[in-house]
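Written below as structure tokens is the structure these notes are about.
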Amino acid sequence: MVAIIKTGHSIRRIFNYNENKVLENVAVMIGAENYPLDTENLNQKIKLSILERQLALNTNVSRNSVHISLNFDPSENNFEKEKLIAIANQYMRGIGFAEQPYLVYQHNDAGHPHIHIVSIKVKADGKRIDMNNIGRNQSETTRKAIEKEFNLVRAEDQKKQQYAVKPISPEAVHYGKVQSKRAVQNVLDFVIGNYRYTSLPELNAILRQFNVQAERGTEDSRTFQRNGLLYRIIDSYHNPIGVPFKASSFYNKPTLQYLANRYAKNDKERLPFKQRVKNAIDLSLRDRKISLQELSSVLQKQGIIICQRLSNEGQLYGITYVDHTTKCVFNGSILGKAYSAKGLQERCLVQKISEKDLLTLPSHPTQKETGLPLLQAADAAIAEVTKATPKFDAATMNESFEKNILESLLQPSSVADYVPGQFKKNKKKRKRKSKPNNNQ
């Protein structure tokens, strides 16, 4: 068994996290200790108010909430409810929380059985519970005693990573089909702590594969000026959909400051995996010259995704590699010139982009938001032509005619020479001076 203890500033966020899991049918509350009512008679309001009322006895405690997970070996998947409650109660006694109100949830959203315990650090008399070194001292002693008493698989007998809390890999978020904020939270839970990224663009390279994007807003926005961060759902063209969510509103608080604190650590941890990506590219291009699209397909089979950054005209100017096997992200320039956008284009076959592909290129997230991109404008204009001609059958359009329309739309607009008559200045007629009559 492995015990993980986390403290936080908001008991409400921790409580809502577990209650939302219950609503999603991936968790169930199995116990409520030191509450005035039985578990089956407690509603959400009562469960939370008991915890908040006791916290109000000492408002000087900043990190006042406690979130504990007890994780068991995957083979121990036949626990009865009573056994899990007994384990939770013994653990809480061992770390000095026997008299505290706490809630026990059984979760079913990972590849191993585990329970979550929600409690607070303020006692009934208003005193604060000291948790310094509790994980190394009280928790370790209690964990070993529980393993022995309940005949559990010892953590030391198994590889540590088997016990790590690994959320199920989320699916891409589709706006309107799921509860938006909850779907984004699932993606953030999976990506933020598991992948090694060193910048916001690198993080977005991962998030966009799940139709989620992090953004700071425009430089003159209030969010940007206050170092805020927003998360929102995007469509397949990287265009935002729906309302954005503040980073601080999520349970794990993936704020700009939190991400910045991870960058240096992630950079050091990803170093041993750089060579894997370089080797995969070099081996794919060793004996043959293939197109970038073919290279992308070859690397994808090895768990490496090439994320291309394209201009509005469809020109490739940047590449990011996302290695889902090692969960590392690298900009091409970090790996070396030969792996940058320019270097890779020189090593691959030149592939001409067809007009049809140009019309379906996704818009780049850094483009100006004012006005449609050129290609989208062309697409919209063709649609308007078709719409404005009811008798016209687009399926029977002559190919060359379509090509001429596209080319004309992509050409810069020119100013016509014709000027309507009403806007022309009237020229004043000059009066002819009468010549002197010499006959007079």
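At 0.36 nm per residue, minus the direct Cα-Cα distance, what do Lys337 and Asn77 gain on full extension? Give it in nm, one decimal, please.
Here the answer is 88.6 nm.
Each residue of segment 326-334 was assigned a 3J(HN,Hα) from its phi angle through the Karplus expression (A = 6.51, B = -1.76, C = 1.60, θ = phi - 60°), giving 9, 6, 10, 10, 9, 6, x, 5, 5 Hz with x at Gly and Pro. Cβ-Cβ distance of Asn16 and Ser62, R₀ of 25 Å, FRET efficiency by 1/(1 + (r/R0)^6): the value works out to about 0.80.
Take the Cα of Leu349, go 7 Å toward its beta carbon, and the backbone nitrogen atoms of segment 295-328 under 18 Å from that spot belong to 295-300. Label sites at Gln209 and Asn227, each approximated as a point 7 angstrom past Cα along Cα to Cβ, lie 3.0 nm apart. Of Arg262, Arg196, Arg276, the sequence from fewest to most neighbouring Cβ atoms within 10 angstrom is Arg276, Arg262, Arg196.
Residues in segment 68-87, backbone N under 14 Å from the label point at Ile4 (7 Å along the Cα-to-beta-carbon vector): list them, ranges by number please. Of the residues in segment 68-87, 68-73 have backbone N under 14 Å from the label point off Ile4. With a simple spin-label model that places each label point 7 Å from the Cα along the Cα-to-Cβ direction, the separation between Arg216 and Gln302 comes to 3.4 nm. Once the Cα-Cα distance is subtracted from the 0.36 nm per residue extended length, the Lys289 to Thr39 segment shows a gain of 83.4 nm. The percentage of C-alpha pairs in segment 17-85 whose separation is greater than 14 Å is 72%.
Where a ≥ b ≥ c are the square roots of the eigenvalues of the C-alpha gyration tensor, would you call segment 7-54 rounded, which needs a/c under 1.5, or, failing that, prolate if a/b is larger than b/c, or oblate? Oblate is the answer for segment 7-54, as a/c is 1.5 or above yet b/c matches or exceeds a/b.
Counting other Cβ atoms within 10 Å as a rough exposure proxy, the listed residues Asp189, Asp282, Asp220 run Asp220, Asp282, Asp189 from fewest neighbours to most.
Quick check on my link table: of Lys289/Lys342; Lys21/Lys265; Lys6/Lys253; Lys265/Lys327, which ones sit more than 24 Å apart, alpha carbon to alpha carbon? The pairs that break the limit, which is 24 Å between Cα atoms, are Lys21/Lys265. Distance between the 7 Å Cα→Cβ label points at Asn279 and Glu99: 5.9 nm. Ordered by the count of other Cβ atoms within 10 Å of each Cβ, fewest first, Val243, Val277 give Val243, Val277.
A short reminder: the numbers here are calculations on the coordinates, not readings from a lab. These figures come from a predicted structure and were not determined experimentally. For neighbour counting, all protein chains shown are included, and Cβ atoms are generated from backbone atoms with ideal geometry for every residue, glycine included.
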